[in-house]
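Working notes for the structure below.
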Amino acid sequence: MQNITLFQFFHWYYPNDGSLWKHCMEEADALQQLGITYVWLPPPYKSALGMAEPGYAVYDHFDLGEFDQKGTVPTKYGTKDEYLQCIKELHNRGIKVLADVVLNHRMGADDTELVKVKQVEAENRNHIMEQEEVIEVYTKFTFPGRGQKYSNFIWDYQCFTGVSVTDNEGTRIYTILNEYGTDWEDVLDTEFGNPDYLMGCDAEFRNEHVREELKWWGRWFLETTGVDGFRLDAVKHISHRFMKEWMAHLKAVSNKDLFFLAEYVTNDAELLLNWNKAVDEQCQLFDVLLHHNFYEASHQRSEYDLRQIFDKSLLKMHPERAITFVDSHDTQPFQLMESFVDWWFKPLAYAIILLQEHGIPCVFYPSIYGAVYEEVQDGVNQRVELVPVPAIREMMRVRRHLAFGAQRDYFNDARHVGWVRTGVPEQEYSGCAVVLSNGGAAHLEMEMGNAHANAEFADVTGNRAETVTTDEHGKARFTANGASVSVWIRKEALPLIQL
């Protein structure tokens, strides 16, 4: 038996030294021991900013750290050979790999073009000015460092719906007047009127040549790397018709059951589900709403009603589609979507995503390895240091070895909640009891079932030193300290967890 567990093996501020692929190879054994089944790796292709950016400012999808472009051969994370070797090392340990793919936009063009445009209102992109302008913008991508290896496709203004220009007067957004339209593409969301445009040169998916080039790249990438699926960036801003077409095409040509995970940032679970329905439900979805519940709970502390932690979340509404997470590179401090869960609540949040029956959890790199990053804001150096989340490795091993069986919830108190997993016969000593508190010490009467009658339990987090013994029905009083979490397992199973 195996629970699926994802691991995001990077963060926004990872050093720009080309070391990540090698680091991931070195950690492959440890990831396997923690029960990781999928590793989500960052964008592997050349950024418009070379090694100085995490890969979301896409320049050349075909350059995986092979060509001298944008001032470097390696990407921020290493060379193409190292990337391929990293994937191989993970595969050798039974771990599958998700590649981060950015299809929405392209940046760092090689040349300018004179382009007919119309300016739009930034807050209402559907309000397009009547006046037509001709401006000189960087929209032509010829990839001189790569030449025509792998593809001879040239991206020009006909390949884009819009661009932005930043100067002393600020940033202005324009629609490009090309043969495929004079406005934005249809998308399902209504943010800013129409959120088709996000940044850079926005891809024109009404252009058949663009669609075919990106499908060719997908085939080439699968054949070259052997990855097992994709994390899809910023799908809210991409034609859902194209995403449906692109995923279906790759599934048809692949000999694997590809795993697709879509990033759609919204506070409305219905929008998530409507988008997934529009793409034939080919994706798993990040549960952004549960993350925001964690964020609110962590900052409201004991004022938060823990019985509401799943309210409006994807995990509650459509659990089979939910990829649950505590934090990500987008929610880190200094990011536009900053909503970092406060440190004291992280162990509680991880217990929820790792040990609940439903949802697929995604663990974030700093939660295991820590991170240090800093930024200058208004002339003041801001520094953030993250330490690994206490007991997270133990909770991950509980998920790997013991978190099986039916779930019984005990969500009867606003400050103290818990649940049990009753275990399964085929996994010896499986099952666990979890108690969370955001107030004072918690004491919950919970029943593990007859299979755990007269059994002794210990807290793998180390927060409680005593043991608990169940009665003849497998019932006991399980505890947790104030503002804390305890995860109780059979004492006989401790050697599996405390490595």
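The values are calculated or read from the model by the stated rules, or taken from the named source; none is laboratory data. For clarity, every value in this text was computed on a predicted model and none was experimentally measured. Note that we place each Cβ from the backbone using ideal geometry, even for glycine, and neighbour counts take in every protein chain shown. When the accessible area is computed, the model is the full protein with side chains, heavy atoms only, and any ligands, DNA or RNA have been set aside. Shrake-Rupley method; radii C 1.70, N 1.55, O 1.52, S 1.80 Å.
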Selection over segment 274-327 where residues are open to solvent by 10 Å² or more (accessible area, probe 1.4 Å) and under 24 Å from Ser484 (Cβ atoms) yields a count of 17
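Conditions (1) in contact with a strand residue (DSSP E or B) (Cβ under 8 Å, 6 or more places away or on another chain); (2) assigned to a helix (DSSP H, G or I), marked per residue:
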position	(1), (2)
His299	no, yes
Leu315	yes, yes
Lys346	no, yes
Val363	yes, no
Among the residues of segment 359-407, the number that are under 21 Å from the mean Cα position of the chain (by Cα) and among the polar types (S, T, N, Q) is 1
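Report whether or not Ala371 is open to solvent by less than 20 Å² (accessible area, probe 1.4 Å) and at pLDDT below 95. I'd like the intermediate steps shown before the answer.
Working: open to solvent by less than 20 Å² (accessible area, probe 1.4 Å): yes; at pLDDT below 95: yes.
The answer is yes for Ala371.
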* Of the residues that make up segment 244-260, is at least one within 21 Å of Gln8 (Cβ to Cβ), outside any helix (DSSP H, G or I), touching a helix residue (DSSP H, G or I) at 6+ places or on another chain (Cβ under 6 Å) and not small (Gly, Ala, Ser)? -> yes
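So is Leu222 in a helix (DSSP H, G or I) and open to solvent by less than 10 Å² (accessible area, probe 1.4 Å) or not? It would help to see each step written out before you state the result.
On the way: in a helix (DSSP H, G or I): yes; open to solvent by less than 10 Å² (accessible area, probe 1.4 Å): no.
No; evaluated as a whole, the condition is false for this residue.
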For Leu103, the lone unmet condition from (1) aliphatic (A, V, I, L, M); (2) within 28 Å of Glu263 (Cα to Cα); (3) without any contact (Cβ under 8 Å) to a residue 12 or more places away in the chain is (3)
Within segment 148-188, residues touching a Phe, Trp or Tyr at 6+ places or on another chain (Cβ under 6 Å), aromatic (Phe, Trp, Tyr) and either open to solvent by less than 40 Å² (accessible area, probe 1.4 Å) or under 13 Å from Val137 (Cβ atoms) (or both) come out as Trp155
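Determine whether Glu426 is open to solvent by 10 Å² or more (accessible area, probe 1.4 Å) and under 29 Å from Ser298 (Cα atoms). Explain how you work it out, then say what you get.
Working: open to solvent by 10 Å² or more (accessible area, probe 1.4 Å): yes; under 29 Å from Ser298 (Cα atoms): no.
When the stated conditions are applied, Glu426 does not pass them.
For segment 335-344, which residues satisfy the criterion of being touching a residue at least 60 places away in the same chain (Cβ under 8 Å) and either part of a loop (DSSP other than H, G, I, E, B) or farther than 17 Å from Ile309 by Cβ (or both)? Lay out the reasoning, then the answer.
Within segment 335-344, the subset touching a residue at least 60 places away in the same chain (Cβ under 8 Å) is 335, 337, 344.
Hits for segment 335-344 are Gln335, Met337.
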The residue that is farthest from the chain's Cα centre (by Cα), considering only those in segment 203-247 that are of a type in the set (Gly, Ala, Ser) and more than 25 Å from Phe7 (Cα to Cα), is Ala203
| message | Against the condition of a type in the set (Val, Ile, Thr) and either open to solvent by 30 Å² or more (accessible area, probe 1.4 Å) or out of contact with any Asp or Glu (no Cβ under 9 Å at 6 or more places or on another chain) (or both), how does Val341 come out, does it pass? | response | no
field: Condition met for Arg400 (in a strand (DSSP E or B) and either open to solvent by 10 Å² or more (accessible area, probe 1.4 Å) or more than 14 Å from Gln356 (Cα to Cα) (or both))
entry: no
With the first residue restricted to segment 155-169 and required to be over 16 Å from Ala57 (Cα atoms), and the second required to be of a type in the set (Lys, Arg), Cβ contacts under 6 Å at 6 or more apart or on different chains are Asp156/Lys140
Residue count, segment 416-450, condition in contact (Cβ under 8 Å) with a residue 60 or more places away in the chain, in a loop (DSSP other than H, G, I, E, B) and either within 17 Å of Thr479 (Cα to Cα) or of a type in the set (Phe, Trp, Tyr) (or both), comes to 3
Screening Ala52, Ala30, Ala48 for residues that are over 18 Å from the mean Cα position of the chain (by Cα) and free of Cβ contacts under 8 Å to residues at least 12 places away in the same chain leaves only Ala30
query: Is it fair to say Arg393 is open to solvent by less than 70 Å² (accessible area, probe 1.4 Å), of a type in the set (Lys, Arg) and closer than 19 Å to Val326 by Cβ?
result: no
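Checking the condition in contact with a Pro (Cβ under 9 Å, 6 or more places away or on another chain), modelled with pLDDT of 95 or more, farther than 30 Å from Ala403 by Cβ and of a type in the set (Ser, Thr, Tyr), which residue from Thr112, Thr5, Thr75 passes?
Numbers: Thr112 fails: in contact with a Pro (Cβ under 9 Å, 6 or more places away or on another chain); Thr5 fails: farther than 30 Å from Ala403 by Cβ.
When all the criteria are applied, what remains is Thr75.
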- Query: Is it true that some residue in segment 348-360 is over 21 Å from Leu315 (Cβ atoms) and either in contact (Cβ under 8 Å) with a residue 40 or more places away in the chain or buried (at least 18 other Cβ atoms within 10 Å of the Cβ) (or both)?
  - Reply: no
Output yes when any residue across segment 229-244 is open to solvent by 30 Å² or more (accessible area, probe 1.4 Å) and either at pLDDT 95 or above or touching a strand residue (DSSP E or B) at 6+ places or on another chain (Cβ under 9 Å) (or both), and no when none is.
yes
Among Gln382, Gln332, Gln377, the single one that is farther than 25 Å from Gln33 by Cβ, out of contact with any Ser or Thr (no Cβ under 8 Å at 6 or more places or on another chain), open to solvent by less than 10 Å² (accessible area, probe 1.4 Å) and at pLDDT below 95 is Gln332
